[in-house]
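Please treat every number below as a calculation from the coordinates, not as lab data. This structure is a prediction, so every number in the text was calculated from the model and none was measured.
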Amino acid sequence: GGLADMRARGVELVCQVGVDNALVTPVDALFVGFQLAHDADCASKVLEKRAPDERVGVICLRDGRPGVTEYSELSADDARRRDAASGKLTYRASHVCINSFTRRFLERMARDVVHTLPFHIAHKKVPCVDAPQPAAPNAWKLEQFIFDVFPHAERLVVLEVARADEFAPLKNATGNDSPATVRRAVAARAERHVAQARRGAHR
C-alpha cells in the first residue's frame, strides 16, 4: 500500500492540507522544522477564530488529550465563552486542516486505530431527485476526519499562524469565503511579499 511505498522510498513525513485553501503552502519548511524540533508525531497549524459562529473546528483538550471539536459539536455557550484575562474566545484555536504526520505514526494508526475512529454527524444540503438545489439541509451525513488520530499521538505540537498568510478558503459562491474574497487574499499576500522583497533589496 501507500505507506509501504513511502517506507521503501525513505519518506518520513506526510504533510496534509485542505484543497479549498488558496493560501496553503503544501510543504512548509518552517512547519516541518517545528515538528522535527519537537520530535512530534503530529503537528497542526491553527489560527485565531474570527468570531464565535465561524464554521471551523477548534483544537482543545478532550478528556485530557488533544483533539478537535467540530463547530457543529460545540455548544453556543462554549463557542461564545471568553477568557477573563485576555477577553479572547476560550476556544479560539481554529483547526484549518494543515497537518503533518510522521510516517511511523500513520503506520501505527493504520494498524491499530483507524477501525476505531468515530463518525461525526453533519446535517447538510445534498442535491437529490426531488430537490436538485435544496434550500435547507435535507440529509444527514456520517463523516470521518483525519484529526481524530490526534488523541493517539504521544506528542502533538500546534503552530499558530496569521490568517492573512495561511487561510483563504473557498466555500461559497458569493459573500465570505467566495472566489472574490479568495482573489483579494491571494493578491494581498503577493503584494506583501513584493513589498518585503523590495525592502530587502534596498538594505
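Observations
- Within the listed set Gly67, Gly87, Gly18, the residue fluctuating most in the Gaussian network model of the chain (springs between alpha-carbon atoms under 10 angstrom) is Gly87.
- When the Gaussian network model of the chain links Cα atoms closer than 10 Å, the mean-square fluctuations of Asp41, Asp53, Asp63 top out at Asp63.
- Normalising the average separation of contacting C-alpha pairs (under 8 angstrom, six or more residues apart) by the number of residues puts the relative contact order of the stretch 55-115 at 30 percent.
- DSSP beta bridges in the chain [antiparallel fraction, %, rounded to 5]: 85
- Lysine pair count for the stretch 79-185 with Cα-Cα distance under 24 Å and sequence separation of 8 or more or different chains is 5.
- Scaling against 2.2 N^0.38 Å puts the C-alpha radius of gyration of the stretch 1-93 at 1.35.
- Shape metrics for the stretch 61-175, restricted to C-alpha atoms - Rg then Dmax, Å: 17.5, 53
- Cα extents of the stretch 136-203 along the three principal axes, largest first (Å): 56, 41, 11
- The chain: most fluctuating residue of Gln144, Gln35, Gln133 per GNM, C-alpha cutoff 10 Å: Gln133
- DSSP bridge analysis restricted to the stretch 45-163 gives an antiparallel fraction near 90%, rounded to the nearest 5.
- Amide H contacts of Ala139: Lys124, Val126, each under 5 Å away and 5 or more positions distant or on a separate chain (H built 1.01 Å from N in the peptide plane; Pro and chain starts excluded).
- The chain: relative contact order in percent, alpha carbon pairs under 8 Å with at least 6 residues between: 28
- Distance histogram in 10 Å bins (all Cα pairs of the chain, percent per bin): 7, 27, 34, 23, 8, 1, 0
- Taking every C-alpha pair closer than 8 Å and separated by at least 6 residues, the mean separation divided by the residue count of the stretch 103-182 gives a relative contact order of 20 percent.
- Expressed in units of 2.2 N^0.38 Å, where N is the residue count, the Cα radius of gyration of the stretch 103-166 is 1.65.
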